[in-house]
Amino acid sequence: MTSVTTATDSVLSLPDHTQLPDSDGTFVKNLQEHPQSILLTDSIKPILEQLHPDGQYCIGQDSGIYWRLTDPPQKGAEAPDWFYVPNVPPTLNGKMRRSYVLWKEYVAPLIVIEFVSEDGSEERDKTPPSHREDGKVGKFWVYEQAIRVPYYAIYEVEKTQVEVYRLIDNTYQLMTPSERGHYLIAPMAVELGIWQGRYQNAELPWLRWWDAQGNLLLTGEERAEVERHKRERIVEKLRALSPEQLRAMGIDPQMLD
């Protein structure tokens with residue numbers, strides 16, 4: 001009896017994240033890249049928890065997105081510095097993803113962010129596969145034409161600037177910043193822009209999120225600091241009251257010592 005191989009069988013036989021390399025052996029080129037990724041992830045988490053109360057979303061930090069099968073496998077992957085995929089689980093079979101494999105998920109990232117470490121030509125490379133004998137493809141082309149990421153951001157630390165592209169009619173269009181100098185990522189109801197300040201003991205321009213009203217989205221540590229200052233102000237106001245007034249409010253004056 002002759003067996004029949006279906007399209008579904010072919011897809012199931014393709015390698016998954018446990019069978020594909022999770023590194024190409026290169027190292028981070030800029031010491032700011034790692035804390036920058038953490039800053040983006042930490043501050044956006046409350047927003048994503050509101051958007052996904054079921055926890056079904058995935059964030060990648062310098063992780064591979066496999067979009068085609070090649071030999072070696074790494075040639076078929078791009079590793080953005082930061083990306084977010086909605087409505088997919090962060091774990092598979094109880095384990096964290098080693099990479100994000102498009103032919104197993106079918107859901108493209110909503111936004112991809114690249115941190116420029118050289119002159120930016122790699123991040124803006126639009127070379128299609130047919131134009132190179134070695135099979136290398138331009139990052140810009142991959143995100144625009146192959147993966148079709150709705151939003152693509154290129155952050156240049158040295159120039160203190162960020163470009164954000166939006167996929168419109170299958171082509172990336174450079175977005176115009178708002179009066180605040182931010183770019184609206186509408187599906188997330190947030191803005192992306194540059195903030196000058198201190199993070200992890202470094203005073204630098206950092207790529208950060210704001211809400212749609214222009215309020216800076218804080219990290220967990222920053223939120224805790226804000227709450228600490230609020231408590232200190234409340235205590236100072238209470239200390240200005242007399243013991244009788246405090247007792248009338250049900251507060252033991254000794255608690256403020």
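Data for the structure
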| quantity | calculated |
| --- | --- |
| Members of segment 105-125 found to be out of contact with any Lys or Arg (no Cβ under 9 Å at 6 or more places or on another chain), surrounded by fewer than 15 Cβ atoms within 10 Å (Cβ to Cβ) and not hydrophobic (A, V, I, L, M, F, W, C), listed by number | Tyr106, Asp119, Ser121 |
| Output for segment 157-182, where each listed residue is in contact (Cβ under 8 Å) with a residue 40 or more places away in the chain and among the hydroxyl-bearing types (Ser, Thr, Tyr) | Thr160 |
| Selection count where residues are out of contact with any Gly (no Cβ under 9 Å at 6 or more places or on another chain) and surrounded by 17 or more Cβ atoms within 10 Å (Cβ to Cβ), scope segment 93-103 | 1 |
| Filtered residue count, segment 191-217, keeping only those that are closer than 19 Å to Leu51 by Cβ and touching a helix residue (DSSP H, G or I) at 6+ places or on another chain (Cβ under 6 Å) | 2 |
| Which listed residue is more than 20 Å from Lys139 (Cα to Cα) and either in contact with a Cys (Cβ under 9 Å, 6 or more places away or on another chain) or modelled with pLDDT of 90 or more (or both), from Asp42, Asp16, Asp9 | Asp42 |
| Residues satisfying the stated conditions in segment 71-110, i.e. farther than 24 Å from Leu51 by Cα, in a loop (DSSP other than H, G, I, E, B) and of a type in the set (Gly, Ala, Ser) | Ala79 |
| Any chance Ile47 is modelled with pLDDT of 90 or more and part of a helix (DSSP H, G or I) | yes |
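Yes/no per residue for (1) buried (at least 18 other Cβ atoms within 10 Å of the Cβ); (2) assigned by TED's automatic domain parsing to the domain that holds Ile154; (3) under 20 Å from the mean Cα position of the chain (by Cα); (4) part of a strand (DSSP E or B):
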{"residue": "Cys58", "(1), (2), (3), (4)": "yes, yes, yes, yes"}
{"residue": "Ser63", "(1), (2), (3), (4)": "yes, yes, yes, no"}
{"residue": "Leu69", "(1), (2), (3), (4)": "no, yes, no, no"}
{"residue": "Thr127", "(1), (2), (3), (4)": "no, yes, no, no"}
{"residue": "Ser130", "(1), (2), (3), (4)": "no, yes, no, no"}
{"residue": "Val137", "(1), (2), (3), (4)": "yes, yes, no, no"}
{"residue": "Tyr143", "(1), (2), (3), (4)": "yes, yes, yes, no"}
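The values are calculated or read from the model by the stated rules, or taken from the named source; none is laboratory data. Computed from a prediction, not measured in an experiment: that's the story for all the values here. Reconstructed Cβ throughout: ideal geometry from the backbone, glycine too, with neighbour counts over all protein chains shown.
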